[in-house]
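**Student:** Just dropping this structure here.
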Amino acid sequence: MNSEVNDFVTQLIAHWESAALARVVVGLVGAGIIAITLRARSRGKVSGPITCLWVLLGAIVVLFASNPQNFITTVIRTDYLTRVRIMLGLLSFLVLLITWETVRSTHLKERYALLWVATAVIVLVCALFPQAVDLFRAVAGMSYVTAVVSVMFTFLLLVAFHFSITMSSMELKQCKTAQRIAILEARLLEVENALREMPDDVS
Amino acid sequence: MTSSSSTTIAIVPAFNEEASIGTLVTEIRERYPELDVLVIDDGSADRTSDVARASGAIVLSLPCNLGVGGAVQAGFMYASDRQYDYAVRCDGDGQHPPEVLGDLLAEIRKNEVDLVIGSRHLSDEKYKNTLIRRCGIFGLSWLLTRICRKPATDPTSGLQAFNRPLLYFFARRYPTDYPEPEALALMRRQGYDFSEVAATFRARETGVSSIGDLDTIYYIIKVFLALVVDRARRIDPRYSKENIVEHLS
C-alpha cells in the first residue's frame, strides 16, 4: 500500500477519534436501525432475510462508532480482492432478495424477474469463484473488477432492451384498447339515442 | 341508427380543433348530404367532441392522445365494422377544403383503385412549405415512386379516399406516427392499388401543424427507416387484397 493512502487512513482515523459527538450520533443511528428492525420483526412486518440485512448494517455502524481506529485498520488490512468480492456478494444477495420479495408480493411478473435473477446469479458466481472470470479476463485483457462490471453491464443492457420491447408492445395494446373504447362509446350513444326516440309504451 | 342508410363516410381526425371543427362538419354535411361524418377526437383538452357532436357528426372520443395514425385507424375500424363501402379522410385543421372531397369520391367510386390521394403537387397552385420539408417530401416521393413502381407525387398528403377492402386492411394494420408514406408502401406490397387526383390545400386557419421544424428531421429519418424495415418484413397473406375481397364478398 502506498504512502498516500496510508496518510489518508491515518488522517481519517485521527478525525474520527477526536469527533466524540459525531461518534455518539453515528452509534445512536446504528442502534436505532437495530431497534426499529427488531421491533418491526416482532410485529411480523418484515421477513427474516431482510431483518438480518438491517441488523447487520446496524451492527457495522455501531462497531464503527465504538472503535473507529480498530474498525478502519481491520478493514484496510484485508485483501483488496476479498473486499471487492464481499461487496459483490452482498450486492447480488440484495438484488436476489429484492426480486424475491417483489415477486412474492406479486408486484413483479416472473418473466421480468428472470433477467434480474440471472444478473444477480452471475454476480454471485463472480464473487464466489473469481477464477470463473479468469478466462474472460484473459481474452478481454481486463482486471477482475472491470471484467465483473462489464458482465453486469451486459446483463443490465439486456434488461433495458427487454423494457424497450415490452413498452412498444404495451403501447400497441393501449392504442387498440383506446380505439375500441371510443368505438363502443359511440355505439352506446347511438343505442341510447334510439331508445330515447322509442315510444314509452314499448318499454 | 344514424349510419345505416349511407354507404360513404368522411373520417375527420381532430386534435384541439374546437374553433374550426364545427364549420368543417357543417360544410361537409351541406355539400355532401349523402355522407356520414365521423370526427375522431384524439384526446383533445378542449371541447372538440361536443362541438362536433352538436354539428351533427358521429364522434369517436379517444380516451388519450394516440397521434394521427391511431386516430385515423379508429376511424377505419368504425367504418369497417359498419360496412361502409367508401371512406374519405379530411383533416380537422381545415387545410383540406371540403370542395375537393368530391373529386376524390368520384375517383374512388369508379372502383378502379383502392386508394385515391389528393396531391398538392399535381395542381397548378404552388403549395408553400419550408425548404427542409420540401426536400423531405421530394426524397420520399422519389423513394416511394420506386417502391410502388408508380408515381407518388405527394406521399405525405392526408387527403385520401379508401374502398372497403382497404378499410378492412387498415383497420387491422396501420402505422403509428406520420403514417401516410408507410401505409402507402404497406398496402402496395399487399396488392392494393392507388391513384392520385390534383387537390389544392388551404393554408391552415387555426392551430399549428402536428409537425414542428425539429420534428421534420425525425419524421424524415423515421419514415425512411420504416420504409426499409417494411421491405424486409414478409407479406402477410391473410391481408392480401385477393383474400380480403373474397372474405368480404
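Conditions (1) modelled with pLDDT of 85 or more; (2) not in a helix (DSSP H, G or I), marked per residue:
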{"site": "B:Asp177", "(1), (2)": "no, yes"}
{"site": "B:Tyr192", "(1), (2)": "yes, yes"}
{"site": "B:Phe201", "(1), (2)": "no, yes"}
{"site": "B:Leu225", "(1), (2)": "yes, no"}
{"site": "B:Arg234", "(1), (2)": "no, yes"}
{"site": "B:Glu242", "(1), (2)": "yes, no"}
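**Student:** Just need a number here: residues in region A:19-72 that are over 29 Å from A:Leu96 (Cα atoms) and surrounded by fewer than 16 Cβ atoms within 10 Å (Cβ to Cβ).
**Tutor:** Matching residues across region A:19-72 total 11.
**Student:** If you check B:Gly102 against the conditions, is it in a helix (DSSP H, G or I) and of a type outside the set (D, E, K, R)? Talk me through it step by step, then tell me what you get.
**Tutor:** On the way: in a helix (DSSP H, G or I): yes; of a type outside the set (D, E, K, R): yes.
So B:Gly102 fits the description; yes.
**Student:** Another question, then. For B:Val59, indicate whether it is hydrophobic (A, V, I, L, M, F, W, C), without any contact (Cβ under 8 Å) to a residue 24 or more places away in the chain and within 29 Å of A:Arg196 (Cβ to Cβ).
**Tutor:** Values: hydrophobic (A, V, I, L, M, F, W, C): yes; without any contact (Cβ under 8 Å) to a residue 24 or more places away in the chain: yes; within 29 Å of A:Arg196 (Cβ to Cβ): yes.
So B:Val59 passes the test.
**Student:** If you check A:Leu135 against the conditions, is it more than 23 Å from the chain's Cα centre (by Cα) and modelled with pLDDT under 85? Break it down into steps so the answer makes sense when it comes.
**Tutor:** Details: more than 23 Å from the chain's Cα centre (by Cα): yes; modelled with pLDDT under 85: yes.
Taking the combined requirement at face value, the residue satisfies it.
**Student:** Another question, then. Evaluate the following for B:Tyr78: is it in a loop (DSSP other than H, G, I, E, B) and within 30 Å of B:Asp46 (Cβ to Cβ)?
**Tutor:** Working: in a loop (DSSP other than H, G, I, E, B): no; within 30 Å of B:Asp46 (Cβ to Cβ): yes.
In short, no.
**Student:** Which residues, counting only those in region A:48-105, are farther than 26 Å from A:Gly32 by Cα, of a type in the set (A, V, I, L, M) and at pLDDT below 85?
**Tutor:** Answer for region A:48-105, where residues must be farther than 26 Å from A:Gly32 by Cα, of a type in the set (A, V, I, L, M) and at pLDDT below 85: A:Ile76, A:Leu81, A:Val84, A:Val103.
**Student:** Right, here's the next one. Among the candidates B:Asp154, B:Asp114, which residue alone is buried (at least 21 other Cβ atoms within 10 Å of the Cβ), touching a residue at least 60 places away in the same chain (Cβ under 8 Å) and of a type outside the set (A, V, I, L, M)? Break it down into steps so the answer makes sense when it comes.
**Tutor:** Working: B:Asp154 fails: touching a residue at least 60 places away in the same chain (Cβ under 8 Å).
Criteria check complete, one pass: B:Asp114.
**Student:** For region B:85-98, state whether one or more residues are modelled with pLDDT of 90 or more and surrounded by fewer than 19 Cβ atoms within 10 Å (Cβ to Cβ).
**Tutor:** yes
**Student:** Please verify whether region B:154-162 includes one or more residues that are of a type in the set (Gly, Ala, Ser) and over 12 Å from the mean Cα position of the chain (by Cα). Reasoning before the result, please.
**Tutor:** Step one: of region B:154-162, the residues of a type in the set (Gly, Ala, Ser) are B:157-158, B:161.
So of that shortlist, the ones also over 12 Å from the mean Cα position of the chain (by Cα) come out as none.
No.
**Student:** Which one is farthest from B:Arg89 (Cα to Cα) among residues in region B:52-67 that are buried (at least 24 other Cβ atoms within 10 Å of the Cβ) and more than 7 Å from chain A (Cβ to nearest Cβ)?
**Tutor:** By that ranking, first place goes to B:Ala52.
**Student:** Which condition breaks for B:Val37 when tested against (1) in a strand (DSSP E or B); (2) within 12 Å of chain A (Cβ to nearest Cβ); (3) β-branched (Val, Ile, Thr)?
**Tutor:** Every listed condition holds for B:Val37 apart from (2).
**Student:** Now, a different point. Could you tell me whether region B:42-51 includes any residue that is assigned to a loop (DSSP other than H, G, I, E, B) and basic (Lys, Arg)? Please lay out each step first, then the result.
**Tutor:** If we filter region B:42-51 for residues that are assigned to a loop (DSSP other than H, G, I, E, B), which is where we start, we get B:42-47.
Going one step further and asking which of them are basic (Lys, Arg), we end up with B:47.
Checking region B:42-51: at least one residue is assigned to a loop (DSSP other than H, G, I, E, B) and basic (Lys, Arg).
**Student:** Here is a further query. Do we find that B:Glu18 is outside any loop (DSSP other than H, G, I, E, B), away from chain A (no Cβ under 14 Å) and more than 30 Å from B:Ser249 (Cα to Cα) in this structure? Please lay out each step first, then the result.
**Tutor:** Values: outside any loop (DSSP other than H, G, I, E, B): no; away from chain A (no Cβ under 14 Å): yes; more than 30 Å from B:Ser249 (Cα to Cα): yes.
No; evaluated as a whole, the condition is false for this residue.
**Student:** Could you give every pair whose Cβ atoms fall below 8 Å, whose first residue belongs to region B:94-107 and is on the phi > 0 side of the Ramachandran plot, and whose second residue is polar (S, T, N, Q), counting only separations of at least 6 or pairs across chains?
**Tutor:** Matching pairs, first to second residue: B:Gly94/B:Ser20; B:Gly94/B:Thr23; B:Gly94/B:Thr206.
**Student:** Among (1) among the polar types (S, T, N, Q); (2) exposed (fewer than 13 other Cβ atoms within 10 Å of the Cβ); (3) within 14 Å of chain B (Cβ to nearest Cβ), which single condition is A:Gln179 missing?
**Tutor:** Going through (1) among the polar types (S, T, N, Q); (2) exposed (fewer than 13 other Cβ atoms within 10 Å of the Cβ); (3) within 14 Å of chain B (Cβ to nearest Cβ) one by one, A:Gln179 breaks only (2).
**Student:** For region A:118-135, check the following and say yes or no: at least one residue is aromatic (Phe, Trp, Tyr), more than 14 Å from chain B (Cβ to nearest Cβ) and assigned to a helix (DSSP H, G or I).
**Tutor:** First, pick out the residues of region A:118-135 that are aromatic (Phe, Trp, Tyr): A:129.
Filter again for more than 14 Å from chain B (Cβ to nearest Cβ), leaving A:129.
Those left that are additionally assigned to a helix (DSSP H, G or I): none.
No, there is no match, as no residue in region A:118-135 is aromatic (Phe, Trp, Tyr), more than 14 Å from chain B (Cβ to nearest Cβ) and assigned to a helix (DSSP H, G or I).
The values are calculated or read from the model by the stated rules, or taken from the named source; none is laboratory data. All of these numbers come straight from a predicted model, not from anything done at the bench. For neighbour counting, all protein chains shown are included, and Cβ atoms are generated from backbone atoms with ideal geometry for every residue, glycine included.
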